[in-house]
1. Compute the FRET efficiency between Ala219 and Val354 as 1/(1 + (r/R0)^6), taking r as their Cβ-Cβ distance and R0 = 56 Å, and round to the nearest 0.05.
2. Kindly state, to the nearest 0.05, the FRET efficiency for Arg22 paired with Asp298, given R0 = 22 Å and r defined as their beta-carbon distance.
3. Please give, to one decimal in nm, the separation of the simple spin-label points placed at Lys136 and Ala124, each 7 Å out from Cα toward the Cβ.
4. Classify segment 341-390 as rounded, prolate or oblate, taking a ≥ b ≥ c as the square roots of the eigenvalues of its Cα gyration tensor: rounded when a/c is under 1.5, otherwise prolate if a/b is larger than b/c and oblate if not.
5. Using a basic spin-label model with each label point 7 Å from the Cα along Cα→Cβ, how many nm lie between Phe4 and Thr248?
6. Please compute the length gained on full extension between Asp183 and Ser331, using 0.36 nm multiplied by the number of residues separating them and subtracting their Cα-Cα distance.
7. If you take the charge dipole of the chain about its Cα centre, with +1 on Lys and Arg Cβ and -1 on Asp and Glu Cβ, which of Ser229, Leu368, Cys181 is farthest toward its positive end?
8. Would segment 1-153 count as rounded, prolate or oblate if I go by the C-alpha gyration tensor, calling it rounded below 1.5 in a/c and otherwise prolate when a/b exceeds b/c, oblate otherwise?
Amino acid sequence: MSNFVSGRHFLQTPGPTNLPDRVLRAMDRNAINHRGPEFGALGRELVAKLRTVFQTKMAIVGIFPASGTGAWESALTNALVPGDRILISRTGQFSHLWEQMATRLGVDVVSLETDWRRGADPVAIGQVLEQDREHKIKAVCAVHSETSTSCMTDIAAVRQAMNRAKHPALLMVDAISSLGCADYRHDEWDVDVTIAGSQKGLMVPPGLSFTAISDKALAVARAGGQRRSYWDWEPLVASNKTGFFPYTPAINLLFALNEALDMLAEEGLPTVFARHNRYAQATRLAAVAWGLELQCADPAAYAPGVTAIRTPDGHSADNLRNVILEKFNMSLGNGLGRVEDRVFRIGHMGDLGVLSFTGTLTGVEMGLRAAGIPHKEGGVQAAMNYLATANG
Ligand SMILES: *Cc1c(COP(=O)(O)O)cnc(C)c1O
C-alpha cells in the first residue's frame, strides 16, 4: 500500500480557495526593498485595483498582513469605544464571531435573531433603529455572504432601512466571502467600512485582509475610537498616496494579489459574478435532485460562492466529508457552530473551471453513495444539463 494519491487535491472549501498557477508564479520570486521605488508603485497600483473590486472611487483602502479577522478588529477599534452600542443580526457563525469580538472589546451588542437560514432582515433592523431615538447605536454590522449558511444579506436594503430611520450609525460590512464573487458596491450602497480577505474570491493565499473606509468612518475614528496602534486607520491615508507601508508588508503576497486582481480585470467582474451564479445554481439543482435540503431557505438570499447542504436527520455531514476526503481526495467545508455535523458546504468560489466544478459535484454524489446517505441519483446530471447550455 502506498500513501501516494495521484491527481490534484480538490480544495472545494469556501476559503482557502484554489490558487491559480499565474498567482503561484507571481509570488515565486525574490522579495524587493519595501522602501524602494518599485514597491511604492506596486502599493499604489494595488490600492487602485482594490478600489475597482470594492466598487469605490475614493474610499481609503487598507491592506493588513492578517486574516480577515484582523480587518474586523481594525474596524471595531477605530470606530468604537468600550460602552458604544452596535446592532448585529445573528445570521450565522460569522456574525456570531463579530458579536463575540465586539463583546471582548467592551462594545455593547444589540442582536437580532434569525434561524440561520436567511439573511438579516432590513425591516427588523429599521425598527430597532427607529426606536433608538437617542442614537445610542453607533454601528450596524452585517455579513454580506454568511459563509456558514450560504445566505446573503441585502446590503442596499439595510442602508435604505438606516436612511428611512434617519439614523446616523455607521454601516460596517463583512464582505470576506463575497468580494470577487458577488456584485459588491461599497460606494453605491453607502457602506462606511467594508472588510475582506485574500483567500476566498480573490484567489490569493491566506494572510491578507482588506478594508475600504468612508470619509464618515474616518472622521469618527479621528475623533475617537479606542486605543490602537498597529490597526490604526490614520497611516492608511498617507499610505494610499505613497504606496508605502509603515511596517514591512507581506511583499510576496502582494505580488500574488496584483496578479489575481489582473486576472479578475481580464475576465471582467460581470463575467466573474455570472460564473459564480451559474455554479451556485448548478449546485442547487444537484442538491434538489439528490433530494437534499439547502441550508438557505430564502431563494432571494442564495449565495454565489458557497452552498451549504443539509444531510438527512441522523446522518453525519462530517462523516460524509471524511469519506469524500479519503476516497476521492477532495476537501469540503464543514458545518460551523449551530449547524456542526448537520451541513456540508461546497465552495465554488475563486478560480474554478467548469470541469473542475462538475468534478466537485461528482465527488459529492459518489461520496453520498459511499457514505450510505439516503439520496436520489441524478444530481450531477441535473447540473450538467443546466451547464451544457447556460450562457457565459
Ligand atoms: C472566512 C470568513 C471570515 C473569517 O476570516 P479569516 O480570514 O478566517 O479571519 C469572516 N467572515 C466571513 C463571512 C468569512 O467567510
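1. 0.75
2. It comes to 0.05.
3. In this crude label model, Lys136 to Ala124 measures out at 2.0 nm.
4. The shape class here is oblate.
5. 3.8 nm
6. 50.6 nm
7. Ser229
8. oblate
All of the numbers you see were taken from the coordinates with simple rules; none came from a lab. None of these values were measured; they are calculated from a predicted model. Neighbour counts run over all protein chains shown; Cβ positions are idealised from the backbone, glycine included.
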